[in-house]
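Asks: Supplied in C-alpha cells, the structure appears directly below.
The values are calculated or read from the model by the stated rules, or taken from the named source; none is laboratory data. Remember, predicted model here, so these are calculated numbers, not experimental data. For neighbour counting, all protein chains shown are included, and Cβ atoms are generated from backbone atoms with ideal geometry for every residue, glycine included.
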Amino acid sequence: MPDDMRNVWRNQELDAMTITLEDIRARAGRFRHRLLRRNAREYITGAVCLAIFTPGLWMAQGWHRVAPALLIGGLIVLLYQVHRQAAPGQLVVDGLRASVARYRRELERQRDALRNVWLWYELPLVPGVAASCIDTAWTRGVNARFWVAVLIMLCIFVAIWAANIWAARNLERRIEELQLLEERHD
C-alpha cells in the first residue's frame, strides 16, 4: 500500500507546482539557518560535557582515568564529525535550475548524515560510556541502580538514533519534491 500511495503522489498532475529562484533562496536560507542553530546547540552541549568530564580526568587516579579520557576523546571526535558531516554548505547559486540542484544535493547530504548518525555521532561515545559503566560496576558493584542507569543511557542512544532517522525521512520527502520539480522543468 505505501508504494501505491507513493506512485499516486509521484504521478499526480503538477500544473500548479511551480517554483521561483526566490522560493529556493528562501527555502535554502531557512534550511541553512536551522542547520547552523542545530550545530551551535551541538557545539555548546559538547563544550558543557567537556567541562564536566575534564575535571574527572584530573581528579581520578590510575585506571579510573580511562573512562573520562575516552569520553573526552569521543566528544572531540563527535564535535569534529558534526562539523565535517553536518555543517551546511553553500546552497544557492545563480540560476533556478542550478540552485534547485544544489539545494537538493545539500538535502541529500544532510539526509545521509542523519541516516548514519549512529556511526559518526554515537559510536565515538560508546568506548567512554562502556568504560564508565565498567568502572562504576567495578568500584560500586552491580545493582538495580546500575542497571537503571545503563538502561537510561541505552534509551538515550536509541532516542537520538530514532529522532535522526525521522528527520532523514522528512528530508527525503523534500528531496522527492525537488526531484519532481527538476523532472518537470527538464
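Asks: Of these, GLN81, GLN85, which one is touching a residue at least 40 places away in the same chain (Cβ under 8 Å) and within 26 Å of HIS33 (Cβ to Cβ)?
Replies: Result of the check over GLN81, GLN85: GLN81.
Asks: Still on this model: Restricting to segment 27-46, name every residue that is surrounded by 12 or more Cβ atoms within 10 Å (Cβ to Cβ) and small (Gly, Ala, Ser).
Replies: Once the filter is applied, which keeps residues that are surrounded by 12 or more Cβ atoms within 10 Å (Cβ to Cβ) and small (Gly, Ala, Ser), segment 27-46 yields ALA28, GLY29, GLY46.
Asks: Which condition from (1) assigned to a helix (DSSP H, G or I); (2) among the charged types (D, E, K, R); (3) closer than 23 Å to GLU176 by Cα is the one that ARG65 breaks?
Replies: The one condition ARG65 does not meet is (3).
Asks: Looking at segment 68-93 only, could you name the residues that are part of a loop (DSSP other than H, G, I, E, B) and β-branched (Val, Ile, Thr)?
Replies: Residues satisfying the conditions are VAL92, VAL93.
Asks: Would you confirm, using the coordinates I've provided, whether ILE24 is surrounded by 11 or more Cβ atoms within 10 Å (Cβ to Cβ), part of a loop (DSSP other than H, G, I, E, B), out of contact with any Cys (no Cβ under 7 Å at 6 or more places or on another chain) and modelled with pLDDT of 70 or more?
Replies: Here the answer is no, as ILE24 does not meet what is asked.
Asks: Now, a different point. Could you say whether any residue in segment 155-169 is out of contact with any Phe, Trp or Tyr (no Cβ under 6 Å at 6 or more places or on another chain), assigned to a helix (DSSP H, G or I) and among the charged types (D, E, K, R)?
Replies: Yes, segment 155-169 contains a residue that is out of contact with any Phe, Trp or Tyr (no Cβ under 6 Å at 6 or more places or on another chain), assigned to a helix (DSSP H, G or I) and among the charged types (D, E, K, R).
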